Each structure stands twice: as C-alpha cells, then as structure tokens.
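The values are calculated or read from the model by the stated rules, or taken from the named source; none is laboratory data. Here the structure is a predicted model, which is why all the values come from computation and not from measurement. FYI the Cβ positions are ideal-geometry reconstructions off the backbone, even for glycines, and counts take in every protein chain you see. When the accessible area is computed, the model is the full protein with side chains, heavy atoms only, and any ligands, DNA or RNA have been set aside. Shrake-Rupley method; radii C 1.70, N 1.55, O 1.52, S 1.80 Å.
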Amino acid sequence: MDEQGTEWLVFTVHRLVSWGASAAMIFGGIVPYIPQYRDIRRTQNADGFSVYVCLMLLVANILRILFWFGRHFESPLLWQSIIMIVTMLLMLKLCTEVRVANDLNTKRRLFTDFDLNFFWHWSRFMDYVQCVLAFTAVTGYITYLSLDSVLYVEALGFLAVFTEAMLGVPQLYRNHQNNSTEGMSIKMVLMWTSGDTFKTAYFILNQAPFQFTICGLLQVLVDIAILLQVYIYSIYPQKPVSHTTHVTSAKAL
C-alpha cells in the first residue's frame, strides 16, 4: 500500500472514531432511561423513579445551553443537552400520567398555585412545561444581559456541570442512611462509572471548558464512592434501617 493510501486509511479511521465518539456523547446520556421508561409503561408504576432526577437534568442542560451562547464548546455536547431535555420531558409526561391515574386524591396541584409544599409534584404535565419555560425565560434574560461578563459566563458553565455532577450524591447519601446498598442496581452504577469516565476523557481530549473536566472528574469520584459502599457493606454488613425504602435512581452519562 502506497503512502497516499495509508494516509487515506488513517484519515478515514480517525473520522469514523471521531463520529463514533460524538454519537456516544450525544445519545449515551439517554440510554439508561430507555429501560426505565419502558418499565414504567409496562408496570404503570412510577414510584421507583424520582422526578427530581428530571428536575436536576433539566436545570443542568438548560444552563449548559445558555453557557454555549457565552462560550462555544463542542457541538456534540450542545446536542446532548437538547436531546436530554427532550428525554426528561418525555419521562415527566409518562410519570405524571401514571401517577395521576393511580392517585386517589381528587385534588389537583398546579404550578400556578405557587405552593412550595407541592413543588415539582403537580397533576398535569403542562405545569412542568410552564415551570421549565419560566425558568428558561428568566435565566435566558439574565444571561442575555450578562453575556459581556466573563465571570458570569464562567460561573454559569460551572453551575451547569456541577448540578449534573451532583446526580449521584442522593444515591450515595441514601445508601449511607440505610447502611446498605440493597435494592440498588450495581450494573447501573457500573454503567454510570464507565459512562462518566468516557465523558471525562472526551472532555480532556477535546479541550472542553475546564468546568466540564472538573465536574466530570467529580462525577467519577462519586461513582467510585458508591462502588466502595457496595464493597464495604458487603464485607461489613450493617444493620439496615427498619423502614422500607425504594432504592432506585437514574443519572446522565
């Protein structure tokens, strides 16, 4: 094979690997939610899925998109945020429909009630949409006025990825409270760890903004801490708490 043919082969392989990595970044984040969505539809029971996961991911990805207007980053990361927002809205729609169908309480809770006791526990999917649009409008307006401020833009980027990085902390804390990881899917945590490791390596290799790399490393550390809990509680089992808890969670890659 001549030199020109070798260069063409290397270039082609490099492009294919690059496209594959970009596709994994764009669609990898929603993969864990596909079986969760199908399970909720099949069982008509959404108790095992926390809608606060949707809240955190919606906030994180809306802020990330706004950060893009102040400081452009890799396009796959932007598309990842857009697709994740759509996915979380679909999850919210399904969870709301299932919960309302199973709820014996006839009183409906609305976003426009402005009752903090029922925040993010409304009876209609449109109330969640209204909240997301209101949050987007307010933060978008503030961002538009502050785009010339480097400090604001950098803080916005850090807040976006830090919110996403904290998704594993509730699971970590719940395991600590229960003195056990019983009921938690170890396969899911391994999926988190591999996904977050890949994502962090992608950030480093593509020279993404430093906020992305720092919070990616933080996510990996949280995943490792949860795996350490699995090991410690299996070797040194603790007395579990007496009340029943549903230990299930979901997270973005």
### Query
When the residues of region 208-238 are filtered to those that are of a type outside the set (A, V, I, L, M, F, W, C) and out of contact with any Asp or Glu (no Cβ under 9 Å at 6 or more places or on another chain), which remaining residue is nearest to Gln171 (Cα to Cα)?
Gln229
#### Entry: Scope region 208-253; condition under 20 Å from Ala160 (Cα atoms), at pLDDT below 80 and open to solvent by 80 Å² or more (accessible area, probe 1.4 Å); matching residues
Phe210
### Message
Criterion first (more than 14 Å from the chain's Cα centre (by Cα) and β-branched (Val, Ile, Thr)) does Thr96 satisfy it?
### Response
yes
#### Entry: From Leu110, Leu104, residue being modelled with pLDDT under 85 and either of a type in the set (S, T, N, Q) or over 25 Å from Gly168 (Cβ atoms) (or both)
Leu104
## Note on the structure
The condition from (1) open to solvent by 50 Å² or more (accessible area, probe 1.4 Å); (2) among the aliphatic types (A, V, I, L, M); (3) modelled with pLDDT of 85 or more that Val153 misses is numbered (1)
### Query
Taking Ala46 and the conditions (1) open to solvent by 60 Å² or more (accessible area, probe 1.4 Å); (2) not in a helix (DSSP H, G or I), which numbered condition does it fall short on, given that it satisfies the others?
(1)
### Query
In this structure, does Met84 turn out to be out of contact with any Ser or Thr (no Cβ under 9 Å at 6 or more places or on another chain) and crowded, with 17+ Cβ neighbours inside 10 Å?
yes
### Message
For region 173-195, check the following and say yes or no: at least one residue is more than 21 Å from Asp47 (Cβ to Cβ), open to solvent by 60 Å² or more (accessible area, probe 1.4 Å), modelled with pLDDT of 75 or more and β-branched (Val, Ile, Thr).
### Response
no
### Message
Can you tell me how many residues within region 51-75 are assigned to a loop (DSSP other than H, G, I, E, B) and either surrounded by fewer than 18 Cβ atoms within 10 Å (Cβ to Cβ) or without any contact (Cβ under 8 Å) to a residue 60 or more places away in the chain (or both)?
### Response
2
### Any helices (runs of 4 or more DSSP H) falling wholly within region 154-239 and containing at least 2 residues that are in contact (Cβ under 8 Å) with a residue 40 or more places away in the chain, over 18 Å from Ser50 (Cα atoms) and in contact with a helix residue (DSSP H, G or I) (Cβ under 6 Å, 6 or more places away or on another chain)
186-205, 210-235
